[in-house]
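Undergrad: Please read through the structure below; I'll follow up with questions.
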Amino acid sequence: MMVTVNENYLLLKSSYIFSEINRRVEEFQTRNPDADIIRMGIGDVTRPLPGAVVEAFHRAVDEMAGEETFRGYGPEQGYPFLREAIAENDYASRGVDVTPDEIFISDGAKCDTGNIQEIFGLDNVVAVTDPVYPVYVESNVMAGRTGPMDESGRYEGLVYLPCTEENDFIPPLPEEKVDLIYLCYPNNPTGTALTHKQLAEWVDYARDAGSIILFDAAYEAYIQEDNIPHSIYEIEGAREVAVEFRSFSKNAGFTGTRCAFTVVPEELEVPDSEGKMHALKDLWNRRQTTKFNGVSYPVQRAAEAVYTPEGQREIRESIDYYMENAKIIRESLEKAGLRYYGGVNAPYIWIRTPEGMDSWQFFDRLLNDAEVVGTPGVGFGPSGEGYFRLTAFNSLKNTVRAMERLSELSF
Ligand code: MLT
């Protein structure tokens with residue numbers, strides 16, 4: 001007998017998109033040690049944690065140092081103080097009904113969107129928008145819900161919903177019946193958003209088809225326009241068909257600190273093979289209690305401070321700062337004569353690469369001639385070919401410098 005490998009892993013591309021970019025950038029830096037590279041590739045924030053968050057974080061660390069106030073394992077689902085603050089501030093204040101016990105605190109929307117598929121049967125048909133955050137696709141590949149990737153870059157068995165210039169990046173409803181649908185809005189990578197009406201069509205579809213929407217709202221804090229929903233539960237009937245993922249990473253700078261949450265409404269149920277219904281909330285709770293021991297107490301106290309008036313003021317400032325970068329990027333692209341999308345309700349700008357240049361060629365051009373790093377659209381799926389993503393998450397100074405360099409290139 002020999003140990004065997006999970007062969008589903010062998011179906012994956014050899015590396016995760018952001019690891020591949022890092023590898024190429026490091027190689028470039030080694031060849032050009034004096035290169036002053038500006039990174040606008042991975043969607044990682046650069047502004048420090050808000051003062052209110054840092055203070056709460058410190059206080060909680062001090063509590064961990066006292067015999068009376070020390071805490072060991074916390075609840076796997078998260079501390080009530082944080083779940084209550086979320087229910088009140090992210091939902092009730094918008095007139096949305098989500099109770100604290102439907103909220104599960106975690107260490108990241110990446111982990112939750114990657115793990116959620118475990119509680120669904122392997123025979124479910126999965127639909128993803130294309131381009132897409134690779135985690136939704138790859139976690140399903142790892143689980144064995146797909147065949148190999150074909151020459152077009154699509155995994156067999158997955159349903160791809162192309163979102164391109166041609167359809168204004170609005171995902172078309174699937175032609176075949178699908179069971180699980182991943183939607184991320186405001187969208188990573190295209191930076192575009194869906195209006196209430198457009199999202200309502202998806203909720204209606206899911207209700208009719210008996211599907212479940214896995215709704216990633218990690219970028220909701222960047223929404224500037226009134227007709228864009230911050231939560232899928234703003235749409236009538238969504239509680240019966242949608243799980244929602246949120247994060248403190250992009251609104252409050254927690255990419256390195258790690259805190260996020262997932263909402264699984266009470267009403268959400270799925271049948272077993274005999275037709276008996278099971279509450280998804282209980283299954284997710286079962287999964288989390290076995291595989292997860294919760295987020296650390298200081299981190300949850302830090303996240304709670306996001307909802308204080310001071311925390312809110314500070315996070316708004318950071319978001320405005322990044323959105324000012326987005327505006328600078330949009331204006332510079334305009335001047336350079338490049339077509340682009342997004343950057344209005346999201347910190348991502350999705351550029352159409354110039355005629356005759358594919359995503360990786362544009363990546364190389366920017367890296368070699370401007371020392372600016374972005375993400376090739378094709379890394380997010382076959383419909384991302386011919387596009388390129390820049391993030392607004394760098395400093396204002398670097399964003400301005402990067403755009404000056406870009407404006408010196410001719411395309
Ligand atoms: C991205 O660049 O797409 C982000 O890093 C996504 C993430 O938060 O994992």
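Undergrad: Testing ASN394 on (1) modelled with pLDDT of 95 or more; (2) among the polar types (S, T, N, Q); (3) more than 16 Å from the ligand (Cβ to nearest atom), one condition comes back false. Which one is that?
TA: Against the list (1) modelled with pLDDT of 95 or more; (2) among the polar types (S, T, N, Q); (3) more than 16 Å from the ligand (Cβ to nearest atom), ASN394 comes up short only on (3).
Undergrad: So which residues in the stretch 107-135 are within 26 Å of GLU385 (Cα to Cα), within 16 Å of the ligand (Cβ to nearest atom) and among the β-branched types (Val, Ile, Thr)?
TA: Narrowing the stretch 107-135 to residues within 26 Å of GLU385 (Cα to Cα): 109-110, 113-114, 125-135.
Filter once more, keeping what is within 16 Å of the ligand (Cβ to nearest atom): 109-110, 113-114, 128-135.
If the condition is that a residue be within 26 Å of GLU385 (Cα to Cα), within 16 Å of the ligand (Cβ to nearest atom) and among the β-branched types (Val, Ile, Thr), then THR113, VAL128, THR129, VAL132, VAL135 are the ones that fit.
Undergrad: Right, something else. If you scan the stretch 1-20, which residues turn out to be farther than 17 Å from GLU138 by Cα and modelled with pLDDT of 90 or more?
TA: Here is the first cut: in the stretch 1-20, the residues farther than 17 Å from GLU138 by Cα are 1-4.
Once the filter is applied, which keeps residues that are farther than 17 Å from GLU138 by Cα and modelled with pLDDT of 90 or more, the stretch 1-20 yields MET2, VAL3, THR4.
Undergrad: If you don't mind, another one. Here are ALA346, ALA336, ALA402, ALA370: which of them is buried (at least 24 other Cβ atoms within 10 Å of the Cβ) and out of contact with any strand residue (DSSP E or B) (no Cβ under 7 Å at 6 or more places or on another chain)?
TA: Going through ALA346, ALA336, ALA402, ALA370 in turn, the sole match is ALA346.
Undergrad: Could you list, in sequence order, the residues of the stretch 129-184 that are farther than 19 Å from TYR16 by Cα, buried (at least 18 other Cβ atoms within 10 Å of the Cβ) and without any contact (Cβ under 8 Å) to a residue 40 or more places away in the chain?
TA: Scanning the stretch 129-184 gives VAL159, LEU161.
Undergrad: For the stretch 48-102, enumerate the residues that are loosely packed, with under 15 Cβ neighbours inside 10 Å and among the small types (Gly, Ala, Ser).
TA: The answer is GLY51, ALA65, GLY66, GLY72, ALA92, SER93, GLY95.
Undergrad: May I pose another question? From GLU138, GLU201, GLU166, which residue is within 16 Å of the ligand (Cβ to nearest atom) and in a helix (DSSP H, G or I)?
TA: Values: GLU201 fails: within 16 Å of the ligand (Cβ to nearest atom); GLU166 fails: within 16 Å of the ligand (Cβ to nearest atom).
Residue meeting the stated conditions: GLU138.
Undergrad: Something else now. Given the options VAL53, VAL98, name the one that is under 23 Å from the mean Cα position of the chain (by Cα), part of a loop (DSSP other than H, G, I, E, B) and modelled with pLDDT of 95 or more.
TA: On the way: VAL53 fails: part of a loop (DSSP other than H, G, I, E, B).
Result of the check over VAL53, VAL98: VAL98.
Undergrad: Which residue, of PRO80, PRO100, is free of Cβ contacts under 8 Å to residues at least 60 places away in the same chain, away from the ligand (no atom under 15 Å from the Cβ) and touching a helix residue (DSSP H, G or I) at 6+ places or on another chain (Cβ under 6 Å)?
TA: PRO100
Undergrad: So the check is Cβ under 8 Å with 6+ separation or different chains; which pairs have a first residue in the stretch 313-330 that's in contact (Cβ under 8 Å) with a residue 24 or more places away in the chain and a second one that's small (Gly, Ala, Ser) and surrounded by fewer than 18 Cβ atoms within 10 Å (Cβ to Cβ)?
TA: Here the result reads GLU314/GLY51, each pair linking the stretch 313-330 to a residue that is small (Gly, Ala, Ser) and surrounded by fewer than 18 Cβ atoms within 10 Å (Cβ to Cβ).
Undergrad: Report, by residue number, each residue of the stretch 4-63 that is small (Gly, Ala, Ser), without any contact (Cβ under 8 Å) to a residue 60 or more places away in the chain and within 16 Å of the ligand (Cβ to nearest atom).
TA: Correct list: SER15, SER19.
The values are calculated or read from the model by the stated rules, or taken from the named source; none is laboratory data. Note that this is a predicted model, so its numbers are computed, not measured. With ideal geometry, Cβ positions are generated from the backbone for all residues, glycine too; neighbour counts draw on all protein chains shown.
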